[in-house]
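The values are calculated or read from the model by the stated rules, or taken from the named source; none is laboratory data. These figures come from a predicted structure and were not determined experimentally. Note: ideal-geometry Cβ built from the backbone for every residue, glycine included; neighbour counts use all protein chains shown. SASA here: full protein model, heavy atoms, side chains in, ligands and nucleic acids out. Shrake-Rupley method; radii C 1.70, N 1.55, O 1.52, S 1.80 Å.
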Amino acid sequence: MIALNVNGTPRQFEAAMKVADLVRSLGLEGKRLAVERNGEIVPRGDYTAVELTDGDAIEIVVAVGGG
């Protein structure tokens, strides 16, 4: 079990995961977004490499288009 704080909300997940797994589990795969882990931006190319650890603070911002 892993506990993360996602956009200010405590969340529990079954197992350790990478940023890409989190994005997928939240249904955000394929969307334009930015992910910050513990105050640092995670480059999109690193989503499959960056392992999340218990207690990480994650902020996810989804880009919204329009005019």
Loop-located GluC sites (Glu not before Pro) in the chain, at most 12 other Cβ atoms within 10 Å (DSSP): E14, E29
Solvent-accessible area per residue for the chain (1.4 angstrom probe, square angstrom): 64 Å²
Answer in debye to the nearest 20: the dipole magnitude of the chain about its Cα centre, from +1 Lys/Arg and -1 Asp/Glu charges placed on Cβ, is 300 debye
Within a Gaussian network of the chain (alpha carbon springs, distance under 10 Å), most fluctuating of V35, V50, V19: V50
Take the solvent-accessible surface of the protein heavy atoms, probe 1.4 Å, and return the percent of it on the chain that carbon and sulfur atoms account for. 51 percent
